[in-house]
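Colleague: Shown below is the structure under consideration.
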Amino acid sequence: MLSILIWLPLAVALLAALLPRALAPRFAALGTLGALGLAIYLIADYSAGSGMQHAVDEIWISELGMHYKLGIDGLNLFLVGLTTLAFAAAAVWASFREWDRPRLFYFHLLLGETAVLGAFLTQDLALFVVFFDLMLIPFYFLTGQWGGENRVPATMKMVIYTFVGSLLMLAGAVATGVLAAGDGQTLSFAFSDLQERTLGEGTQQWIFLLFAAAFLVKMPAFPLHGWMPDAYKAMPIEVVAVFSAVLSKVAAYGFLRIVLPIFPDASAHFQDLMLVIGLASILYGSVMAFTTTHARLIVGYSSVAQLGFITLGVFALDPQGAQGAVLQMVNHGLVTVPLFLIIGLLAVRSGGSEDIRDMGGIAFRAPVLASLFLIVALATLAMPGSGNFVGEFMILLGVFETKTVFACIGFTGVALAAVYMLRAFIRMMHNRVGPKVESREVSLRAGLVLVPLVAAILLFAVYPQLALERQEASVVTVVETAQEVAR
């Protein structure tokens, strides 16, 4: 089942490349919907508290200790669901407009989905590195070939940042496998084997820094976010939607799946440093989101702030904080996709401008679009009653129980989110009508994409326990060792 889920998008992309130009977009969109259906089945079939399910473990390269090992548990279950939902929404949305070389565009988009799903589902460190690096390739082409203004320098900056991070992680992964094997043990990169083979505290610390650098660049977190503004402005709106919603979560997930259980001593040692980075990301991202007028960058800097909250939850080294972090990964992805798609709709109505000063006055003639946008905006700022509120509350509660001062400073990020998101919503939907604004309602086909995304947001707002029950046992398992060391 898991192998089918991973490789289905790529298989569909290859078949779509052989179809006539007009049929390729529809076939690719159907393929992403098929992957979404498989993910929904896995969520429905998952038995909470029963550990790794649908496991696959085959020797891939025996001489290098590499396994084709897959599994799904509470830690990655809903992240897989988020990935398939985000890519399905992006593929269907992209099918509404014409593309230059559409078969190649959808090939890269679906290759990206395969790489992300592989990174979430693999249980082998070497295979994780392969999928983690593979994620960069399709987005390099999607940005460089189909991006907007200044796409070439933006793509180069993104590649340099993320490629350097990937090289650091590759070095850390090789060192982890070799040093963990020691004398007389078989070389293995399986997560389960690495967790049983304890590395020395000093070794853990320098390897931890290699992984942390790679993950913080990909998230992105302050101050390693320099590639983000240019890349987010250059990417096609469908591409930046899945990039922001999903790829950043692979990095945050890597901290929980790899760093905490394999390097528990180093995680405890660098706890304060990572909490400071999380707080800096929250404050910096919130302030930048308030000062910029570019709609994409408001969401981009908001993501920096939200990933800061997730970093706080992970390195609270507390089960409640970690559960909140996993839930917030899902919630943030669910709000990011419709935010970017709505920005695309409003830009079309504003003469192509994505500056919020050129928007406004649409709400009264487009009440459905305004209502959908309002739900997403309120969820983004973690309004009580939303799933984001539950995630942030659990994160801050976990940090408060271990590092009270950090929690108190983190509370300011909640207030700042209300400021920048309400400012953006009011300016984009209300006030005076912009000089080039065409005020019209959302179309039926756009609504068919946005409504399910908003419904998913409302589902987690009403019943966050759907995720919390299934992830609790897995989250506690990955946190407990580092938690004991930190005490």
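Colleague: For Val330, state whether it is hydrophobic (A, V, I, L, M, F, W, C), closer than 20 Å to Gly410 by Cβ and either crowded, with 24+ Cβ neighbours inside 10 Å or at pLDDT 90 or above (or both).
Modeller: Numbers: hydrophobic (A, V, I, L, M, F, W, C): yes; closer than 20 Å to Gly410 by Cβ: yes; either crowded, with 24+ Cβ neighbours inside 10 Å or at pLDDT 90 or above (or both): yes.
Yes.
Colleague: Look at Gly413 and say whether it is touching a Pro at 6+ places or on another chain (Cβ under 9 Å) and closer than 30 Å to Gln483 by Cβ. Lay out the reasoning, then the answer.
Modeller: Numbers: touching a Pro at 6+ places or on another chain (Cβ under 9 Å): no; closer than 30 Å to Gln483 by Cβ: yes.
For Gly413, the condition - touching a Pro at 6+ places or on another chain (Cβ under 9 Å) and closer than 30 Å to Gln483 by Cβ - is not met.
Colleague: So which residues in the stretch 21-56 are assigned to a strand (DSSP E or B) and surrounded by 15 or more Cβ atoms within 10 Å (Cβ to Cβ)?
Modeller: Taking the stretch 21-56 first, the residues assigned to a strand (DSSP E or B) are 53-56.
Answer for the stretch 21-56, where residues must be assigned to a strand (DSSP E or B) and surrounded by 15 or more Cβ atoms within 10 Å (Cβ to Cβ): Gln53, His54, Val56.
Colleague: Here's a follow-up. Go through the stretch 191-209 and report how many residues are buried (at least 20 other Cβ atoms within 10 Å of the Cβ) and of a type outside the set (S, T, N, Q).
Modeller: Step one: of the stretch 191-209, the residues buried (at least 20 other Cβ atoms within 10 Å of the Cβ) are 191, 193-194, 199, 204, 207-208.
Those left that are additionally of a type outside the set (S, T, N, Q): 191, 193-194, 199, 207-208.
So the count comes out to 6.
Colleague: Could you please let me know if Phe141 is assigned to a helix (DSSP H, G or I), aromatic (Phe, Trp, Tyr) and buried (at least 17 other Cβ atoms within 10 Å of the Cβ)? Before the answer, list the steps.
Modeller: Numbers: assigned to a helix (DSSP H, G or I): yes; aromatic (Phe, Trp, Tyr): yes; buried (at least 17 other Cβ atoms within 10 Å of the Cβ): yes.
Considered against the rule, which asks whether it is assigned to a helix (DSSP H, G or I), aromatic (Phe, Trp, Tyr) and buried (at least 17 other Cβ atoms within 10 Å of the Cβ), Phe141 comes out as yes.
Colleague: Would you confirm, using the coordinates I've provided, whether Leu416 is at pLDDT 80 or above and surrounded by 19 or more Cβ atoms within 10 Å (Cβ to Cβ)? Spell out how you get there, then give the answer.
Modeller: On the way: at pLDDT 80 or above: yes; surrounded by 19 or more Cβ atoms within 10 Å (Cβ to Cβ): yes.
When the stated conditions are applied, Leu416 passes them.
Colleague: Of all residues in the stretch 144-168, how many are part of a helix (DSSP H, G or I), farther than 22 Å from Ala91 by Cα and not aliphatic (A, V, I, L, M)?
Modeller: As a first pass, look at the stretch 144-168 and keep what is part of a helix (DSSP H, G or I): 144-146, 151-168.
From what's left, farther than 22 Å from Ala91 by Cα: 152-154, 156-168.
With the extra rule that they be not aliphatic (A, V, I, L, M), the set shrinks to 153, 157, 161-163, 165-166.
Adding up the residues that qualify gives 7.
Colleague: Would you confirm whether any residue within the stretch 80-100 is among the aromatic types (Phe, Trp, Tyr), surrounded by fewer than 21 Cβ atoms within 10 Å (Cβ to Cβ) and more than 30 Å from Ala467 (Cα to Cα)? Step through it out loud before you land on a result.
Modeller: Just the residues of the stretch 80-100 that are among the aromatic types (Phe, Trp, Tyr), to begin with: 87, 93, 96, 99.
From what is left, the residues that are surrounded by fewer than 21 Cβ atoms within 10 Å (Cβ to Cβ) are 96, 99.
Adding the requirement that they be more than 30 Å from Ala467 (Cα to Cα) leaves 96, 99.
Yes - at least one qualifying residue is present in the stretch 80-100.
Colleague: May I ask you to list pairs of residues, at least six apart or on different chains, whose Cβ atoms are under 8 Å apart, with the first in the stretch 91-108 being closer than 15 Å to Ala241 by Cβ and the second being among the polar types (S, T, N, Q) and modelled with pLDDT of 90 or more?
Modeller: Ala91/Thr32; Val92/Thr32
Colleague: Now for a separate question. Being over 19 Å from the mean Cα position of the chain (by Cα) and either closer than 16 Å to Ala44 by Cβ or in contact (Cβ under 8 Å) with a residue 40 or more places away in the chain (or both) is the filter here, so list the residues in the stretch 462-472 that pass it.
Modeller: Within the stretch 462-472, the first condition is being over 19 Å from the mean Cα position of the chain (by Cα), and the residues that meet it are 462-463, 465-466, 469-470, 472.
Across the stretch 462-472, the qualifying residues are Tyr463, Gln465, Leu466, Glu469, Arg470, Glu472.
Colleague: Given the criteria closer than 30 Å to His294 by Cβ, modelled with pLDDT under 85, among the hydrophobic types (A, V, I, L, M, F, W, C) and not assigned by TED's automatic domain parsing to the domain that holds Leu79, does Ala379 qualify?
Modeller: Working: closer than 30 Å to His294 by Cβ: yes; modelled with pLDDT under 85: no; among the hydrophobic types (A, V, I, L, M, F, W, C): yes; not assigned by TED's automatic domain parsing to the domain that holds Leu79: yes.
In short, no.
Colleague: Still on this structure: Given the structure, is Leu448 farther than 13 Å from Val376 by Cα and either among the hydrophobic types (A, V, I, L, M, F, W, C) or not assigned by TED's automatic domain parsing to the domain that holds Ile343 (or both)? Let's see the steps before the verdict.
Modeller: Numbers: farther than 13 Å from Val376 by Cα: yes; either among the hydrophobic types (A, V, I, L, M, F, W, C) or not assigned by TED's automatic domain parsing to the domain that holds Ile343 (or both): yes.
It is true that Leu448 is farther than 13 Å from Val376 by Cα and either among the hydrophobic types (A, V, I, L, M, F, W, C) or not assigned by TED's automatic domain parsing to the domain that holds Ile343 (or both).
Colleague: Surrounded by 18 or more Cβ atoms within 10 Å (Cβ to Cβ) and at pLDDT below 90: is that true of Gly65 in this structure?
Modeller: Values: surrounded by 18 or more Cβ atoms within 10 Å (Cβ to Cβ): yes; at pLDDT below 90: yes.
Considered against the rule, which asks whether it is surrounded by 18 or more Cβ atoms within 10 Å (Cβ to Cβ) and at pLDDT below 90, Gly65 comes out as yes.
Colleague: Going through the stretch 108-137 one residue at a time, which ones are surrounded by fewer than 23 Cβ atoms within 10 Å (Cβ to Cβ), within 22 Å of Gly31 (Cα to Cα) and over 16 Å from the mean Cα position of the chain (by Cα)?
Modeller: His108, Leu111, Ile137 - these are the residues of the stretch 108-137 that are surrounded by fewer than 23 Cβ atoms within 10 Å (Cβ to Cβ), within 22 Å of Gly31 (Cα to Cα) and over 16 Å from the mean Cα position of the chain (by Cα).
Colleague: Oh, and also: Just for helices (runs of 4 or more DSSP H) wholly inside the stretch 221-302: which have at least 1 residues that are over 14 Å from the mean Cα position of the chain (by Cα)? Lay out the reasoning, then the answer.
Modeller: Values: elements: 228-234, 237-242, 248-254, 264-269, 271-291.
So the answer is 228-234, 237-242, 264-269, 271-291.
The values are calculated or read from the model by the stated rules, or taken from the named source; none is laboratory data. The model shown is predicted, which means the values in this text are computed figures rather than measured ones. Because the Cβ atoms are built from the backbone with ideal geometry, glycine has one as well, and the counts that use them run over all protein chains shown.
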